[in-house]
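All remarks here apply to the structure that follows.
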Amino acid sequence: MTLDSPRADFADPGLHARGLFIGGDWLPGGGIPVTNPSTAGVLAEVPDASVEDAMRAVDAAEAAAAGWRATPPRQRAEILRRWFGLMTDHAEDLARLISLENGKALPDARGEVAYAAEFFRWYAEEAVRIPGEFRHAPSGAHHILVDHDPIGIAVLITPWNFPAAMATRKIGPALAAGCTVILKPASETPLTAYAMARLGAEAGVPPGVVNVLTTTQPGPVVSAMLADPRVRKLSFTGSTGVGRTLLAEAAKTVVSCSMELGGNAPFLVFDDADLGAALDGAMIAKMRNAGEACTAANRFYVQAGIHDAFVAGLTARMAALVVGAGTDPATQVGPMITTKAVTKIDRLVSQAVARGARVTTGGAPLPGSGYFYPPTVIENVPEDAEIAHEEIFGPVAPVYRFETEEQAIRLANSTEYGLAAYVYSGDLSRALRVGKGIETGMVAINRGLMSDPAAPFGGAKQSGLGREGGVTGILEFMEPKYFAVNF
Ligand code: NAD
């Protein structure tokens, strides 16, 4: 096997640290160590792109733009379908790579690869169904024709918590729409992005259509790209704070923005819920990726009649989870991404405890060289504790008691975030009524998982702008063009 074959030990981190991927070439370099959060050891080093490198990537995306836009949708679709196939063929190696650089347990990493690849299959199917409209003007005097053009060069920025899926959720619709892209993955987890770029090239993505660069100066590098009039789209997934900064930056050149930002998901359990099902759902909603998910249940509101049984059941299940290195086959809960993340979780839990909350399991960082925090349940949490208002992004379940439906809705909405919510109730009318009252872009009813490439994912309030996935996701990368027609 040569180094250029994706089948040569594809899970080897060193293989994916070959350079910036610009215009189909690998531009070697170093400067960003990639750490294994399970051990704190360095896995590999990737290049640290400068503003000049970023401009080279814009040049490459521009050079490829006309050709890709003119490529028939069927052909674009077939390339995406092949990329799906290659990700599926390499699923186990990709899962291992994700687990190494992100720390997530292998079952979570395998789940992510399957979910991530599915965006390529879904958008291969959508590429050939780009919609248009033909209408009669109300006056009857002329016609209205609406076409959709690729919006132009797109800058895609992704976080570290789903290194594969957050990239495919953007690349899939962008390529299906006919756009060329520059992906800037989080520097904590760049290897997965580079690995996928290799598979994309093998699938037949032409040089320059997908460019990938890593940098320790995301501010100046991204600002320079947004200031370039050739860039017409910013699709960002990350924290609300950085999202706000980028919206202001994009305003200077009026770049179209899609924003998938932070969450503070409420998980409501009513007295009439099936307790076992609610606990199953709670474990998924809280513990997928060890709680490092924007949709992670951040606040458990449980009605008084079922509260104590729910806390007891959740405590038993959380206490039974096996914590360990992500790649250890026995592990169910991997480490946090950084030591900083552990410190933040510890601070939120300690503050809640100081204000009267009670820990029923877990409650303090684990010793060792990796960044471990144990599955934790805290009850009797005051409504105004900081943990109720900040994203925990870790394996901590704070439980709050409520009495009435109105109170539950008020508590659920008492946040600037509006990404996701969960409702457990045996009465579907109540669950839907409550779901209508909650100000979020997504509501899961009697389910602990809502992510689905076929569904519109996104947030209300300060959790974002626009939607990814589903039939509308492709429109985020298209500019509608209206023709006023007489004939
Ligand atoms: P982050 O905002 O710190 O970083 C996200 C990305 O932005 C990274 O690639 C980072 O390098 C880049 N970045 C940071 N500062 C920048 C700047 N000034 N200019 C340009 N780019 C910059 O977020 P994170 O810690 O990587 O990820 C966790 C956050 O992402 C959480 O808030 C989580 O809720 C959110 N998230 C949201 C979704 C969603 O779909 N809504 C999905 C996953 C994660």
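Annotations for the structure displayed:
- Criterion (open to solvent by 60 Å² or more (accessible area, probe 1.4 Å), closer than 23 Å to Ala109 by Cβ and small (Gly, Ala, Ser)) met by exactly one of Ala330, Ala325: Ala330
- Annotation note: of Gly132, Gly67, Gly85, the sole residue that is under 21 Å from Ala455 (Cα atoms) and open to solvent by less than 60 Å² (accessible area, probe 1.4 Å) is Gly132.
- Of the residues Ser414, Ser429, the single one that is in a helix (DSSP H, G or I) and among the hydroxyl-bearing types (Ser, Thr, Tyr) is Ser429.
- Residues that are open to solvent by 10 Å² or more (accessible area, probe 1.4 Å) and away from the ligand (no atom under 16 Å from the Cβ), drawn from the stretch 257-278: Asp271, Asp272, Ala273, Asp274, Leu275, Gly276, Ala277
- Of all the listed residues (Ser369, Ser414, Ser425), the sole one being farther than 30 Å from Ile130 by Cα and free of Cβ contacts under 8 Å to residues at least 60 places away in the same chain is Ser414.
- Hits in the stretch 104-113 - residues which are surrounded by fewer than 24 Cβ atoms within 10 Å (Cβ to Cβ) and in contact (Cβ under 8 Å) with a residue 24 or more places away in the chain: Leu106, Pro107, Gly111
- Asp346 being free of Cβ contacts under 8 Å to residues at least 24 places away in the same chain and assigned to a helix (DSSP H, G or I): no
- Inside the stretch 240-256, residues that are within 9 Å of the ligand (Cβ to nearest atom) and without any contact (Cβ under 8 Å) to a residue 60 or more places away in the chain make up a count of 4.
Residues checked against (1) more than 16 Å from Met287 (Cβ to Cβ); (2) among the β-branched types (Val, Ile, Thr); (3) more than 16 Å from the ligand (Cβ to nearest atom); (4) open to solvent by less than 50 Å² (accessible area, probe 1.4 Å):
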site	(1), (2), (3), (4)
Met336	no, no, no, yes
Thr343	yes, yes, no, no
Ser350	yes, no, yes, no
Thr376	no, yes, yes, yes
His389	yes, no, no, no
Phe402	yes, no, yes, yes
Arg410	yes, no, yes, no
Gly418	yes, no, no, yes
Arg433	yes, no, yes, no
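- All told, Glu52 falls short of being touching a strand residue (DSSP E or B) at 6+ places or on another chain (Cβ under 7 Å), of a type in the set (Asp, Glu) and surrounded by fewer than 22 Cβ atoms within 10 Å (Cβ to Cβ).
The values are calculated or read from the model by the stated rules, or taken from the named source; none is laboratory data. It should be emphasised that the depicted structure is a prediction, and the values quoted were computed from it without experimental measurement. Note that each Cβ is placed from the backbone with ideal geometry, even for glycine, and that neighbours are counted across all protein chains shown. Quick note on the areas: whole protein, heavy atoms, side chains included, nothing else; ligands and nucleic acids left out. Shrake-Rupley method; radii C 1.70, N 1.55, O 1.52, S 1.80 Å.
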